[in-house]
Amino acid sequence: MLEQGLLILVSTVLANNFVLTRFLGLCPFMGVSNKIEGAMGMALATMFVLTLASVSSYLVYQYVLLPLNITYLATVSFILIIAALVQAIELIIRSQSPLLHRVLGIYLPLITTNCAVLGVALLNVRQQHHLFEAALFGFGAGLGFGIVLVSFAALRERIERSPVPEPFKGAPIALITAGIMAMAFMGFTGMVKA
Amino acid sequence: MLSAILGLSLLALTLAALLVWVARRFPADSDPLVVEIETLLPQTQCAQCGYPGCRPYAEAIAQGHAEINRCPPGGTATIQALADLLGCEAKPLDESLGEEKPPLVAIIDEASCIGCKLCIQACPVDAILGAAKRMHTVIADECTGCELCIPPCPVDCIDLIPAPQVASLPNALKRAQRIQMQVRA
């Protein structure tokens, strides 16, 4: 059990990183990696939402969709759950901690459209995880996303100050950097068999 | 087919109920006292009080972190109104922050303007209109006379003239709230 959980965690954080090997959640990965502070806020918020979304979508799949025999509606209902969840979390944060709400700002609602969240929910179903595994899978995905996002933001802050050739400035060099990062993460592939 | 429709509607309804419950259980911020204090402030967003705008200053007053005599554009009248609202002594204006002046609006000497956009970035209420290397102008109705556009101007082409009429406070407040909504959204 513990070994299995550790395996899932290492696998999702490093070997099958959601951003760099599954290419999910690329939009916030490119969009909010300009500043390291923003990237940290986004990473924390995404980690939180991913874990919750993974668990709740698993529960709905197992106890609503399967008994009613309507598993083909999984994608639609998962989108519904994620949107409601993000909205609820935003409401809670806004009233409980306006400061955190101001720090996270626009990134919080943006998570609704982060395909990594939907990806986690759907992969849970495909890989037939049980509840504990689903929670770990969601948390691991969020952790992996967060690590990659923050380190990528750190890289981009340094690239900003270096003499990049004119045609490569901005998005092109960022994409090249992301590609090199993805290649570096390929080194983890042999570690875990997915 | 029927179970699909029922199941999905049930799911949606449950989530909607959850959202309604959360919204009721955790009402969004806006301390009524902050709102009341904010309506008394002149909405110049001039930051002379040391806070980035009228809303943050109102929040600081409500939490007891700030004195009520830090608003030079509001002057004695605002201090008196705040003292009445909060039930404390009215104090003379803190002169180190600025002096009380009649309502002003900025005006750009359009012949000297070089279109550098620096004043547009400085304006807290988006009252300056213009594009790079084009002449800028001030929308007098929107201008609060906060003077924040004066220091950045490299050619010193902005002047302050007495406002044609007393700036309408309800409008200014509405505008400030709109800008806050945009920032939040």
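Taking 20 Å as the straight-line reach from the Cα of A:Lys35, the aspartates and glutamates in range (excluding those fewer than 8 positions away in the same chain) are A:Glu157, A:Glu160. Within the shell of other residues whose beta carbon sits under 11 angstrom from the beta carbon of B:Asp109, the net charge comes to -3, with Lys and Arg scored +1 and Asp and Glu -1.
Looking at A:Ala182, A:Phe145, A:Ala84, which one has the Cα that reaches farthest to the positive end of the dipole of chain A (charges on Cβ: Lys, Arg +1; Asp, Glu -1)? The Cα lying farthest towards the positive end belongs to A:Ala182. With the Kirkwood sum run over all distinct C-alpha pairs, region A:2-191 has a hydrodynamic radius of 17.3 Å.
Local charge for A:Gly140 was computed over the other residues whose Cβ lies under 15 Å away, with Lys and Arg +1 and Asp and Glu -1, and equals -1. So if we plug the beta-carbon distance of A:Glu166 and A:Val76 into 1/(1 + (r/R0)^6) with R0 = 35 Å, what FRET efficiency do we get, rounded to 0.05? My answer for the efficiency is 0.15.
Using every pair of separate Cα atoms, the Kirkwood estimate puts the hydrodynamic radius of region A:89-135 at 12.4 angstrom. For chain B, the cysteines with no partner cysteine C-beta closer than 4.7 Å are B:Cys49, B:Cys54, B:Cys71, B:Cys88, B:Cys113, B:Cys116, B:Cys123, B:Cys143, B:Cys153, B:Cys157. Principal axis analysis of the Cα atoms in chain B yields extents of 73, 50, 26 Å, listed in decreasing size. Using a cutoff of 8 angstrom between alpha carbon atoms and counting only pairs six or more residues apart, the relative contact order for region A:1-132 works out to 33 percent. Peptides B:12-23, A:32-43 ranked from most to least packed give A:32-43, B:12-23, packing being the mean of other C-beta atoms within 10 angstrom over each peptide's residues. Shape analysis of the protein assembly as shown yields a ratio of the Cα radius of gyration to the Kirkwood radius, Rg/Rh, of 1.09. With N counted as the residues of region B:104-165, its alpha-carbon radius of gyration over 2.2 N^0.38 Å works out to 0.97.
Using C-alpha pairs under 8 Å with a sequence gap of at least 6, the mean separation divided by the residue count of chain B gives a relative contact order of 18 percent.
Its relative contact order, with pairs defined as Cα atoms under 8 Å and 6+ residues apart, puts region B:32-99 at 30 percent. In straight-distance terms, cross-link reach from B:Lys133 covers every one of the aspartates and glutamates whose alpha-carbon lies under 18 Å from its own, apart from those fewer than eight places away in the same chain; here that gives B:Asp109, B:Glu110, B:Asp156.
What aspartates and glutamates does B:Lys91 reach when the alpha-carbon gap must be under 16 Å and sequence neighbours fewer than 8 apart in one chain are set aside? Leaving aside aspartates and glutamates fewer than 8 places away in the same chain, those within reach of B:Lys91 are B:Glu67, B:Glu99, B:Glu100. Heavy-atom accessible area with a 1.4 Å probe sorts A:Leu20, A:Leu66, largest first, into A:Leu66, A:Leu20. Expressed as a whole percent, the proportion of Cα-Cα pairs in region B:32-99 lying more than 14 Å apart is 50%.
The values are calculated or read from the model by the stated rules, or taken from the named source; none is laboratory data. For clarity, every value in this text was computed on a predicted model and none was experimentally measured. We place every Cβ from the backbone using ideal geometry, glycine too, and count neighbours over all the protein chains shown. All accessible areas refer to the heavy atoms of the entire protein, side chains included, with ligands and DNA or RNA removed. Shrake-Rupley method; radii C 1.70, N 1.55, O 1.52, S 1.80 Å.
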